[in-house]
Amino acid sequence: MKSQFRSVFYLRSNYINKEGKTPILIRIYLNKERLSLGSTGLSINAQLWDSEKEKVKGHSAEALEVNRKIEEIRADILTIYKRLEVTVDDLTPERIKSEYCGQTDTLNSIMELFDKHNEDVRAQVGINKTAATLQKYENSKRHFTRFLKAKYNRTDLKFSELTPLVIHNFEIYLLTVAHCCPNTATKILKLFKTITLYGRRHGFLSHDPFVNKRFHTQDSNRGFLTDEEIQRIIGKEISIPRLDLVRDIFIFSCFSGLAYIDVSNLTEDNIVELDGREWIMTRRQKTRVATNIILLDIPKRIIEKYAPVRKNGHLLPILSNQKMNAYLKEIADLCNIRKPLSFHMARHTFATMSLSKGVPIESVSKMLGHTNIKTTQIYARITNKESIAQCKDYMTMFFQVIFAY
């Protein structure tokens, strides 16, 4: 179906320049959408403007010159529209504006859009984005690439081919072929939706392929260790150096609540004495939210244990996350723990046990660096122990551990 397009010139009603003239603006209409292109760079005495004919009244030299430039601009925009109507599948007013303003990036497919978006994110890493955020978008792209190959034997799609049915099929693929759990599939789809919103904002995509799509997440049963299991790991005689190291770092996280990347980023500067106590003060790499945690005896002893081998200012000689998780499986076997032990379980353990011992959820949320207390409430739902009476110092009460370390 042929689209309807027109351009309209009008005066800016709320501004007069130093010469007493009013700027002439331009707006375009494409089917039912409209978009301002801003100023034409022209201005005129408002009394001389004919709003119906969209031109300056009279035959003065100024009127003739301004009207000539208006027609030139109108012709230029119409030329841009006619060219894009033929070459672009999913034409938007934003795309016409970008071309008119000389700011266009020629994107014609979903994979090109993915690449453009991820390039923008990559440029912001270390400023207001994290490497982990970029990795999530790259992972979403990998899943969609594999889906296109498996479902359609394609490597890419035009913008007009990205329909709600494709989104539905992608979700089914994630759940069945990629074997993602429902919550993981939802996260990948949300990241993909962000890509399409980016495309719509920049005029590459005119429709919403996620229209009427509702996202649902299931309550997750996050694994954690009990007091007895923590004691079992701490008390186990381990003669293998690599397992001893991994055990120490894992226990450090159990008593600090820090994620793997945040433990690996710790330096001496993150240990701060305040009001007679030592604190771990840092920012989560994932969210850049500040988190302050009392440095308890067990993690303090672990820091002191590895002080002689400290390198590059890092507090602890942490291994890669993959190796940590692999060695934790060995530790679980040694300690007769049947749970799928992973490094992130230490953070879950800190949260769950803190709440079960009566630490207020607001305090736990701050220590974990959560941006939303609803995230912390997940842990509150999975512990069935009654909260004990609150006392003067919740953290001391919880972490006055009877274990010998």
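Taking Ile298 as the residue in question, decide whether it is within 27 Å of Thr371 (Cβ to Cβ), touching a residue at least 12 places away in the same chain (Cβ under 8 Å) and of a type in the set (Val, Ile, Thr). Answer is no for this residue. For region 286-329, enumerate the residues that are touching a Ser or Thr at 6+ places or on another chain (Cβ under 7 Å) and surrounded by fewer than 18 Cβ atoms within 10 Å (Cβ to Cβ). If the condition is that a residue be touching a Ser or Thr at 6+ places or on another chain (Cβ under 7 Å) and surrounded by fewer than 18 Cβ atoms within 10 Å (Cβ to Cβ), then Lys286, Thr287, Val289, Gly313, His314 are the ones that fit.
Can you tell which of Arg95, Arg27, Arg122, Arg68 is of a type outside the set (Val, Ile, Thr) and touching a strand residue (DSSP E or B) at 6+ places or on another chain (Cβ under 7 Å)? Explain how you work it out, then say what you get.
Details: Arg95 fails: touching a strand residue (DSSP E or B) at 6+ places or on another chain (Cβ under 7 Å); Arg122 fails: touching a strand residue (DSSP E or B) at 6+ places or on another chain (Cβ under 7 Å); Arg68 fails: touching a strand residue (DSSP E or B) at 6+ places or on another chain (Cβ under 7 Å).
Answer to the check: Arg27.
Among the residues of region 45-67, those identified as basic (Lys, Arg) and either under 13 Å from Tyr10 (Cα atoms) or modelled with pLDDT under 90 (or both) are Lys53, Lys55.
For region 1-38, filtering for residues that are at pLDDT below 90 and either under 13 Å from Arg74 (Cα atoms) or of a type in the set (Val, Ile, Thr) (or both) leaves 2. Scanning region 211-260 for residues that are in contact with a Pro (Cβ under 7 Å, 6 or more places away or on another chain), surrounded by 17 or more Cβ atoms within 10 Å (Cβ to Cβ) and either modelled with pLDDT under 90 or in a loop (DSSP other than H, G, I, E, B) (or both) turns up Phe255, Ser256. Being without any contact (Cβ under 8 Å) to a residue 40 or more places away in the chain, buried (at least 17 other Cβ atoms within 10 Å of the Cβ) and more than 16 Å from Leu368 (Cβ to Cβ): is that true of Ala332 here? So Ala332 passes the test. Per the conditions (1) in contact (Cβ under 8 Å) with a residue 40 or more places away in the chain; (2) assigned by TED's automatic domain parsing to the domain that holds Phe147, the sole criterion not satisfied by Cys181 is (1). Of the residues making up region 288-296, not a single one is under 16 Å from Phe350 (Cα atoms) and among the charged types (D, E, K, R). For region 128-177, the set of residues classified as aliphatic (A, V, I, L, M) and either assigned to a helix (DSSP H, G or I) or within 22 Å of the chain's Cα centre (by Cα) (or both) consists of Ala131, Ala132, Leu134, Leu148, Ala150, Leu165, Val166, Ile167, Ile172, Leu174, Leu175, listed by residue number. The residue that is surrounded by the fewest Cβ atoms within 10 Å (Cβ to Cβ), among those in region 18-61 that are in contact with a helix residue (DSSP H, G or I) (Cβ under 9 Å, 6 or more places away or on another chain) and of a type in the set (Asp, Glu), is Glu33. Of the helices (runs of 4 or more DSSP H) contained entirely in region 12-124, those carrying at least 3 residues that are assigned by TED's automatic domain parsing to the domain that holds Leu134 and without any contact (Cβ under 8 Å) to a residue 60 or more places away in the chain fall at 110-124. Checking region 6-13 against the condition returns a match, with at least one residue being over 30 Å from Ser140 (Cα atoms), in contact with a Pro (Cβ under 8 Å, 6 or more places away or on another chain) and not acidic (Asp, Glu). Taking the numbered list (1) loosely packed, with under 13 Cβ neighbours inside 10 Å; (2) at pLDDT 85 or above in turn, Asn128 passes all entries but (2).
The values are calculated or read from the model by the stated rules, or taken from the named source; none is laboratory data. Computed from a predicted structure; not experimentally measured. Please note: Cβ atoms are built from the backbone with ideal geometry, for glycine as well, and neighbour counts cover all protein chains shown.
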